[in-house]
Amino acid sequence: MEILHVSAECYPVAKAGGLGDVVGALPKYLNAAGHIAKVVMPMYRTKFLYENKWEVVHKGSSYLGNTWFDYTVIKEATNKLGFDLYLVDINGLLDREKIYSYDDDTERFTSFQIAVVDWVSHWVDKPDLIHVHDHHTALIPFMLKHCYQYQHMENIPTVLTIHNAQYQGWMGWDKADYIPHWDGWRWGVLDWNRMINPLAAGIRSAWKVTTVSWSYLHEMRQESNGLEALFEYERGKCVGILNGIDVDVWNPETDSYLDDHYSIETLAKGKRANKEKLCQEFNLNPDKPLFVFIGRLVGEKAADVLPGAIGDSLHYMDQRMNFLILGSGEPEVEAQLSDMRGYWMGYYNSKIGYNEKLSHQMYAGADFLLMPSRVEPCGLNQLYAMRYGTVPVVRRTGGLRDTVIDYGEPDGYGVSFNHATVGDITNAVYRSLVLYEDQMRFDNIRRQLMEKDFSWDISAQQYIDLYKSLLT
């Protein structure tokens, strides 16, 4: 099979979250299984672009409403990622450093999708299947079915994977002419709450819809930012496939970001060495358990309750632990977490921003990873943490519910709680302390974590089975 993945992100080219990690890994595993997987994404002006060799494979033109635009498709020349990588350039729209958060994101991603569909229409041998990811590419299944100039490709199966249903790409009906000339009788496929909703259109138009965990698939029928009724109606075409992780990138034995590598056999020594370096850098005590948070400082991740939970934990538990935060997001949360450094000096620190190297060092050096998320479709951080022998402390939601079993349950290996509140998080920190102080049990759980297989092998095969079911 030949599968074309279309995405706004792909690690290490450009990444804002888990979407980039998935698209950077899944195609590689599909290729290893004997298939041909390719990725096409926008040509942002990133470090990866300037450090690698490219060749032009196609030039074309199309309309965005009444605006004529030219586009260029380039291909990475060495196949260094383990799959063919293509970038689409549109001057004035995609030639930016950042991925998102521009005022003209609607124009940027709509034109990108038009360019991709137009490019594929020129292929002599069409892909067997097109796999699109999130709302930034969810109009493609609609275009193949209902845009007159592309309907000759309507028999190409399409799969839409939803990594986060909170973001849907809403656009007003005044921009309906952005979409290439389409069958006006199909306006209801685009419409949701009197707006064009690309994610809703993708759910209705794609042959299959997948979500990145089983629990998240169920939760979206109760809470999906207004699309609950649609997910209930389309439940027959929806499938939950848990994300995997790239075990070549996330491997404490070979991680290029670490100075002190370790395996299950050298776990205690290796984690201690990484912890000491981390604590030295951030003025923390390596003899105390270290809790870390790595991620976006936004309400979705319950970052707004972190200051209260950390403060209460340190206050009521006599500073028996350390906390270290890495992330960026809402300015108010950033300010609160920064201000806490002075008050809890020696027990707490934070790094506002994002640093890939530091994140790997934190997974390796931490004892516990905090994930109090309000919404977590799959979650990759807890999988990375377990790979490095770090105990996840998570709220029971989405993929966190599917991948972490509380240590109080049979064969449990993590710490789970029910609500994204200061009280629940503080109680989870206390239970983590109890586990940490039972050194034999703590060490056994850390070894158990490192033995778990969360690689892409199983998940990739589930995608392959799904693809095959659409081609028979």
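Values in this text are rule-based calculations from the coordinates and carry no lab data. Predicted model only: the values in this text are computed from it and were never measured. Cβ atoms come from the backbone with ideal geometry, glycine included; neighbour counts cover every protein chain shown.
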- Set Lys237/Lys301; Lys38/Lys59; Lys126/Lys175; Lys175/Lys208; Lys288/Lys351 screened for pairs whose C-alpha atoms are more than 25 Å apart: Lys237/Lys301; Lys126/Lys175; Lys175/Lys208
- Treating only the Cβ atoms of Lys and Arg (+1) and Asp and Glu (-1) as charged, compute the dipole magnitude of the chain about its Cα centre; round to the nearest 20 debye. 240 debye
- Note on the structure: the range 274-348 and the range 160-194 have their Cα centres apart by a whole-number Å value of 41 Å
- Query: Modelled label-to-label distance, Asp318 and Asn444, 7 Å Cα→beta-carbon offset: nm?
  - Reply: 2.7 nm
- Query: Percent relative contact order of the chain, based on C-alpha pairs within less than 8 angstrom and at least six residues apart?
  - Reply: 12 percent
- Query: In the range 378-396, which residues have a backbone nitrogen under 15 Å from the label point lying 7 Å from Val434's Cα in the Cα-to-Cβ direction?
  - Reply: none
- Item | Whichever aspartates and glutamates have a C-alpha closer than 20 Å to that of Lys275, once near sequence neighbours (fewer than 8 apart) are set aside | Glu253, Asp255, Asp259, Asp260, Glu265, Asp287, Glu356, Asp367, Glu437, Asp438, Asp443
- Message: Starting from the 7 Å offset along Cα-to-Cβ, what nm value, one decimal, do you get for the label separation of Gln462 and Glu330?
- Response: 3.1 nm
- Using modelled amide H (1.01 Å from N, peptide plane; none on Pro or chain starts), what sits under 5 Å from the amide H of Phe417, excluding residues fewer than 5 places away? Val394, Arg395, Arg396
- Item | Filtered trypsin sites (Lys or Arg not before Pro), the range 1-82: DSSP coil and at most 15 other beta carbons within 10 Å | Arg45, Lys53, Lys80
- Message: Less than 12 Å apart at the alpha-carbon level, and either on another chain or at least 8 residues along: which aspartates and glutamates does that give for Lys28?
- Response: Asp84, Asp246, Asp248, Asp457
- Note on the structure: 1/(1 + (r/R0)^6) with r = Cβ-Cβ of Trp185 and Thr472, R0 = 41 Å, i.e. FRET efficiency to nearest 0.05, evaluates to 0.85
- Quick one: of the DSSP bridges fully inside the chain, what percent are antiparallel, nearest 5? 30 percent
- Query: Can you give me the Cα centroid spacing of the range 57-136 and the range 403-464 in angstrom?
  - Reply: 40 Å
- Taking R0 as 35 Å and r as the Cβ-Cβ distance between Glu51 and Asp453, the FRET efficiency 1/(1 + (r/R0)^6), rounded to the nearest 0.05, comes to 0.60
- Listed by chain and number, the residues whose amide H is under 5 Å from that of His163, excluding neighbours fewer than 5 places away on the same chain and using placed H, are Asp134
- Message: On a full-extension model of 0.36 nm per residue, what is the gain between Asp70 and Glu253, subtracting their alpha-carbon distance, rounded to one decimal in nm?
- Response: 61.2 nm
- Treating the beta-carbon of each Lys and Arg as +1 and of each Asp and Glu as -1, no other charges, what is the dipole magnitude of the range 267-453 about its Cα centre, to the nearest 20 debye? 500 debye
